[in-house]
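> To start, I am sharing the structure in question, which I have written as C-alpha cells.
The values are calculated or read from the model by the stated rules, or taken from the named source; none is laboratory data. No experiment lies behind these values; they were computed from the predicted model shown. No Cβ is skipped: glycine too gets one built from the backbone with ideal geometry, and neighbour counts run over all protein chains shown. Please note that ligands, DNA and RNA were not included when accessible areas were found on the heavy atoms of the full protein model with its side chains. Shrake-Rupley method; radii C 1.70, N 1.55, O 1.52, S 1.80 Å.
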Amino acid sequence: MKLLELELSGFKSFAATTRFLFSDGLPAARLPDGQGKAGITAIIGPNGSGKSNFAEAIRWVLGETSLKNIRGRKTDDVIFSGSASAGRKGAAQVRLTLDNESGRLGVDASEVALKRSVTRDGSGEYQINESQVRLFDIHHLLAEAGLGTKSYAVISQGTVDRYLTATPQGRRELFDEATGVKALQLKLHQAQRKLTNAAQKEHELTAIVQELKPRLAVLQRQVERYAQRDALEHEYAAAQRAWFASAWHQHAAAVAEARSAQQASQAATSQTQAAREQIETELLQAAGVAAVSADQHPRTSQRALWQLVATSLEEARQLLASQAWSELDAKLQEAEDIVAKAQATNQSQSKNVPTAQQTLKGSLAQVRDAELAAQRRDSTAEAAVAQAEQALALLEDEATREIGTTALSELKDAAPPEATVSKHEVERLAGQLASLGDIDPLIQKEHEEVAARYAHLEEQLTDVANTRANTARLISSLKKDIDQQFKQQFTAIATAFADYFAQLFDGGTAKLEVVTLAPEQEGEPEQFGIDISAHPPGKKLQHIGALSGGEKALTSLALLLAIISVQQPPFIVLDEVDAALDEANSYRFAEALKEIAQTTQVLVVTHNRETMAVADVLYGITMNEDGVSQVYSVKMEDLQTTAEVDEMSV
C-alpha cells in the first residue's frame, strides 16, 4: 500500500486546486536484484513557501483532530485566509488516494480515496470513495491498517524529540505507540471499562432483584393461596351440592311423611264424625219410634225399641272399632248389656229406657270429644305439613342462591346420594374459603408482571455474569499479548536503535532499557519506564540529557529510524526532521533513508541537499506575492538521463 495522489483545494496556502502525484516513477527505480523499492519523494522550497502545509494536509486528511498539531487555533485556520491580491476561500478540501491492491485497507476497492472538507461555518464532511462517512469510520479504517492518528505516518521535527525530553514514565507511553501495543491497550481499556460497567450493572441488577424478591415472595404466597382457593372452591362446591342433595331429599321425605300423617288423621276424623252422626241419627230415630209405639202397642214397641237400640249400638261399635277407644267401647257395652237384660227378663221397659238413653248420650258425648281431638290432630298434622313444606321451600331458596336453579333441578331428579355430607363440613369449608379471601385479579396480574420482570432480571444477571467472566478472560489475554508484543517490539527497536546510532554517529553505542519506577503512593502497583543512554564515539556513556544539541538531534533520528524500520509503515511523511544536521551527518541520514525506502514509501519535506540527492522525485514549492503556494515537480531519473546525454555530447 502506498500513496498515489494528494489533492489540496483551499487548504492553508494552497488556495488553488493542487495535485501531488506519487505514482510516477514509483517504483520506477530498480535495484540490482530486480526488486522494486517504495522510493523517496522530496518536498523542497524556501522558508514560508508552504512546504509544511503539505505534511499537515496529509495529517489532517488522516483524521487529525488536534488543531495544535496542524498549527491552528480554530477550525477555519486551515482555510486559505486570502491576501492583498487574492480573496479568501470559503472552504478547504483535501483528498488522499491510496493504493489498496494488497487489501490492507478494509475496503473492497483497488484504490481508496479519503476526503475531508470544512467550511467557514465550522461544518465538516468526511468521505471514503465519495461515500459520506463519520470521522470515527476514518479512524477505524486507518487504525485497522496501522495508520491511526497516533501512528508514525507523519513525523515533524518535534515528534521524536519528545522521547529524549520526556520522563521515563512518559517515554513508556510513547513507546506503547512505537511498539504497536497502543491498539491493544485501547482494547484493554475498553474491556476494563466494559468489566467495570458490567460490575456496576450487576450491582444495580442485584439491588433491583433484592428489592423485588420480598414482593415476589408475598405475591407468590398470595397466588398459591389463590390456587388453594381454587381447589377448595371445587371441594366446597361438591360438598355443598352433596349436602343440598341430601338435605333436599330429607326435607322432601319429611314433607311426604307429614302429608301422609295428615291424610291418616283426616281419615280418622272423618270416621269419628260419621260415627257421631250415625249415633245421633239412630238415637233420634229410636226416640221417635219409641214415642209412637208406646201409645199404640206398648209391648210390641218396647221390643222394637230395644231391637233398634241394640242395632244402633252395634253399628256404633263397628264405626268406632277402628279408633280403639276403650272407654267409649265400655260405655257401649254397658248399653248393650242393659238392652239384653231387658229383653231377657221382659221386665218393664219404662224403667230401663232412661238408663239406656243416658248411656248412649254419654257415649255420644265421648264420640264428640274424640271428634274434637281428631280435629286438633288434623290441625297439628296440617301445621306439620306446612312447616315441612316451608322448610323445604327455604332450603330450595338457599340452594337456588348458592348452586343455581339448574343444579337444584338436577339434584331433585337424581337419586338420594349414598354418602352424606354434614352441614358442619360445609360450614368448615366455607370458613376456610372466607379465611383465604376473595381472588384479586390485580394481585394475579401484578404477580405475573413482577415474576416476568424478576425472570428477566435473573436472565440479565446471568448474561452480565457471563460477560464479566468472558471480559475477564479477554483482559487476561490482552495483558499477555501486550506484554509479549511490547517485549518483542521493544527488543527489536532497541537493537535497531543501537545499529542506527552507530551508523549516524559513525561509531559509539546507545541502548534502551525498561526501568522500574517507585509507585507514587503506597500500595499502588509498580510502574515501568524507559531509560535512554548514549555513548557517542570518544565520549563516556552518559545520560541523554548530557548530550549536545547536535548529538540529541542525531540520537532522535536514530530512534526515529529504528522505530520506522521495526514498524515498517506503508509510507511516512517526514517534515524537516533533518534540519539540524551538518553535511556529514546529513549524508549518513540520507543513506539510512535509502535503506528505509526499500520497504516504506518516504515523503520528506527538507532543505537538505544530501536528502534531496537520494530522492526519486522532487516537488518544489514556491509562493508568489499573492500568498498562494505553487508546485513544480521533477523526476531525478530524468535529470540523470539528461546529464548522461550532455556528458556523451561533450
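> Looking at (1) in contact with a helix residue (DSSP H, G or I) (Cβ under 6 Å, 6 or more places away or on another chain); (2) open to solvent by less than 60 Å² (accessible area, probe 1.4 Å); (3) modelled with pLDDT of 75 or more, find the lone condition where Pro417 falls short.
Status for Pro417: all satisfied but (3).
> Leu114 fails exactly one of the following numbered conditions: (1) outside any loop (DSSP other than H, G, I, E, B); (2) more than 30 Å from Met623 (Cβ to Cβ); (3) among the aliphatic types (A, V, I, L, M). What is the number of that condition?
The single condition Leu114 does not satisfy is (2).
> Just the residues that are at pLDDT 85 or above, open to solvent by 40 Å² or more (accessible area, probe 1.4 Å) and in contact with a helix residue (DSSP H, G or I) (Cβ under 9 Å, 6 or more places away or on another chain), please, taken from segment 135-150.
Hits for segment 135-150: nothing passes.
> Give just the number: which of (1) open to solvent by 50 Å² or more (accessible area, probe 1.4 Å); (2) modelled with pLDDT under 90; (3) not aromatic (Phe, Trp, Tyr) does Asp463 not satisfy?
Of (1) open to solvent by 50 Å² or more (accessible area, probe 1.4 Å); (2) modelled with pLDDT under 90; (3) not aromatic (Phe, Trp, Tyr), only one is false for Asp463: (2).
> While we're on this one: Do the conditions hold for Asp121, that is, is it within 25 Å of Arg71 (Cα to Cα), open to solvent by 60 Å² or more (accessible area, probe 1.4 Å) and in contact (Cβ under 8 Å) with a residue 60 or more places away in the chain?
So Asp121 does not fit the description; no.
> Quick one: in segment 226-270, of everything that is touching a residue at least 40 places away in the same chain (Cβ under 8 Å) and of a type in the set (S, T, N, Q), which residue is surrounded by the fewest Cβ atoms within 10 Å (Cβ to Cβ)?
Ranking the qualifying residues of segment 226-270, first place goes to Gln228.
> Right, here's the next one. With a cut-off of at least 1 residues that are modelled with pLDDT of 90 or more and not aliphatic (A, V, I, L, M), name the helices (runs of 4 or more DSSP H) lying wholly within segment 573-650.
Correct list: 583-596, 609-613.
> Among the residues of segment 483-518, which ones are buried (at least 20 other Cβ atoms within 10 Å of the Cβ) and either over 27 Å from Leu581 (Cα atoms) or charged (D, E, K, R) (or both)?
Across segment 483-518, the qualifying residue is only Phe486.
> Would you please list the contacts, defined by Cβ atoms under 6 Å and residues six or more apart or on different chains, that run from a residue in segment 197-211 that is at pLDDT below 90 to a residue that is surrounded by 13 or more Cβ atoms within 10 Å (Cβ to Cβ) and among the basic types (Lys, Arg)?
Nothing qualifies.
> Something else about it: Return the residue satisfying two criteria in turn: it lies in segment 565-580 and is among the hydrophobic types (A, V, I, L, M, F, W, C) and more than 54 Å from the chain's Cα centre (by Cα), and of such residues it is surrounded by the fewest Cβ atoms within 10 Å (Cβ to Cβ).
The selected residue is Ala579.
> Can you tell me which residues in segment 554-571 are closer than 15 Å to Ala597 by Cβ, polar (S, T, N, Q) and part of a helix (DSSP H, G or I)?
Ser565, Gln567
> State yes or no: is Gln527 loosely packed, with under 14 Cβ neighbours inside 10 Å, modelled with pLDDT under 90 and not charged (D, E, K, R)? Before the answer, list the steps.
Working: loosely packed, with under 14 Cβ neighbours inside 10 Å: no; modelled with pLDDT under 90: yes; not charged (D, E, K, R): yes.
In short, no.
To keep it simple, each residue is scored yes or no on (1) open to solvent by 70 Å² or more (accessible area, probe 1.4 Å); (2) under 44 Å from the mean Cα position of the chain (by Cα).
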position: Asp108; (1), (2): yes, yes
position: Arg116; (1), (2): no, yes
position: Thr167; (1), (2): yes, no
position: Arg172; (1), (2): no, yes
position: Gln190; (1), (2): yes, yes
position: Gln200; (1), (2): yes, yes
position: Glu204; (1), (2): yes, yes
